[in-house]
Amino acid sequence: MGNTLLQYATVLILSIFVGIEIIAKVPSILHTPLMSGSNAIHGVILVGAMIILGSATTSLETILGFVAVILATLNVVGGFVVTDRMLQMFQSKSPRTRVKKDEVTQ
């Protein structure tokens with residue numbers, strides 16, 4: 001039991017370091033497409049958490065499953081909010097009026 005816990009902790013710590021290294025090297029122009037992709041992944045995680053919660057038999061499993069569903073839902077919603085705010089940065093604030101050639105010369 002202790003050996004498998006150590007293996008899980010090692011995988012978790014290594015995945016954190018790899019994730020930080022990968023995300024740090026991504027140019028900012030690619031963050032919006034990556035957020036969209038990660039929202040899809042978090043949606044799959046949410047479905048998995050709901051399946052686990054549905055098959056829970058003990059109260060501890062129910063509590064952990066409920067917490068997993070809440071956290072996965074927050075992740076999905078937060079990802080869509082961040083993506084929406086990033087996409088709003090690329091929209092123009094007010095429509096530009098075109099200046100005719102004759103108005104410039106007068």
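The values are calculated or read from the model by the stated rules, or taken from the named source; none is laboratory data. Since the structure is predicted, the reported quantities are computational estimates derived from the model, not experimental observations. A quick note on method: Cβ atoms are made from the backbone with ideal geometry, for glycine too, and the neighbour counts reach across all protein chains shown.
Taking ALA56 as the residue in question, decide whether it is touching a Ser or Thr at 6+ places or on another chain (Cβ under 6 Å) and at pLDDT 75 or above. Here the answer is yes, as ALA56 does meet what is asked.
This table checks each residue for (1) part of a helix (DSSP H, G or I); (2) more than 18 Å from ALA40 (Cβ to Cβ); (3) at pLDDT 90 or above; (4) among the basic types (Lys, Arg).
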{"position": "PHE66", "(1), (2), (3), (4)": "yes, yes, yes, no"}
{"position": "VAL77", "(1), (2), (3), (4)": "yes, no, no, no"}
{"position": "PHE80", "(1), (2), (3), (4)": "yes, no, no, no"}
{"position": "ARG85", "(1), (2), (3), (4)": "yes, yes, no, yes"}
{"position": "PRO95", "(1), (2), (3), (4)": "no, yes, no, no"}
